[in-house]
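> Take this structure first; my questions come after.
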């Protein structure tokens, strides 16, 4: 071993053998779901099937949000130049940052802060939530993960919290997110509902993920949507077009029921 020798604990690759965190990859194939694999790679251990399903629900909730988000517009602009798929995807991913996708991480820190107030000041959940909301309003700080430019009641939030209950994931962080939502409405007199980023942040806190991984979940979720938009751009639109983020219309299938046996 030379002086540049280094180590990795993620994947072991040898002739005719692939071990991911110690597990033979071919034995995981067909058994472990994608959510379980994400958990295994990020945390080093295989989770329960329910935990894997919860992660997959998080990813599904953010798989796409139309043609207007900065990541999609960036990807479409690059695709319009004739750049290859990987370049357009990279442009979209690079647009995901503090103000686009970053609310998940910020919300995780907010929820952790509220929990810290509870512990250090021996306060109940409601009192801790009220203290945090008043402090944020006084300092004019944004409550990331709450409110949405389009949705007044984000349908994804309710579904994620419902699944968290069903999968045995729901706990103090989700309860705290709801308390903050309630206290903000009481103090300010207007609603600031938990959005999908806030719901994801609360669930990730429940599952004890490091906040620095929050943007990773958003990027993984958005990748399929980005690819779909890029391919559509290349096949339906003229090259080097001027892209208006608002002047477009949907012409896909009308609303249809999800099959019961899916």
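Only the coordinates and a few stated rules stand behind these numbers; no lab work does. Quantities reported herein were computed from a predicted structural model and do not represent experimental measurements. All Cβ positions, even for glycine, are placed from backbone atoms using ideal geometry, and neighbour counts span all protein chains on display.
> With springs only between Cα atoms under 10 Å apart, run a GNM on the chain and tell me which of 225, 101, 168 wobbles the most.
Ranking 225, 101, 168 by mean-square fluctuation puts 168 first.
> If you don't mind, there's one more thing I want to ask. Hey, any idea what Rg/Rh is for the range 16-61, computing Rh the Kirkwood way over Cα pairs?
0.99
> Rank 154, 197, 244 by mean-square fluctuation in a GNM of the chain with C-alpha springs under 10 angstrom and give only the top-ranked residue.
Its mean-square fluctuation being the largest, the pick is 244.
> How big is the C-alpha Rg of the chain next to the rule-of-thumb value 2.2 N^0.38 Å, as a ratio?
The chain yields a ratio of 1.15.
> Another question, then. Relative contact order (percent) for the chain, with alpha-carbon contacts under 8 angstrom and 6 or more residues of separation?
Averaging sequence separation for qualifying contacts and normalising by length gives 25 percent for the chain.
> Where in the range 86-104 is the amide nitrogen less than 18 Å from a point lying 7 Å along the Cα-to-Cβ axis of residue 227?
Of the residues in the range 86-104, 86-94 have backbone N under 18 Å from the label point off residue 227.
> Let me ask something additional. For residue 98 and residue 238, calculate 0.36 nm times their separation in residues minus their Cα-Cα distance, and state this gained length in nm to one decimal.
Net length gain for the segment: 47.2 nm.
> May I pose another question? Return the whole-Å distance between the Cα centroid of the range 97-160 and the Cα centroid of the range 204-225.
Each part reduced to its Cα centre gives a spacing of 17 Å.
> Same structure again: Taking Cα atoms of the range 115-262, Rg/Rh with Kirkwood Rh, to two decimals?
Values: Rg = 19.4 Å, Rh = 18.3 Å.
Here Rg/Rh amounts to 1.06.
> Given a cut-off of 21 Å, what percent of all Cα-Cα pairs of the range 137-216 lie beyond it?
For the range 137-216, the fraction of Cα-Cα distances above 21 Å is 28 percent.
> Now for a separate question. If you build a Gaussian network model of the chain, linking Cα atoms that sit under 10 Å apart, which residue out of 174, 117, 194 swings the most?
Ranking 174, 117, 194 by mean-square fluctuation puts 117 first.
> Rounded to whole Å and sorted largest first, list the principal axis extents of the Cα atoms in the range 187-230.
43, 27, 13
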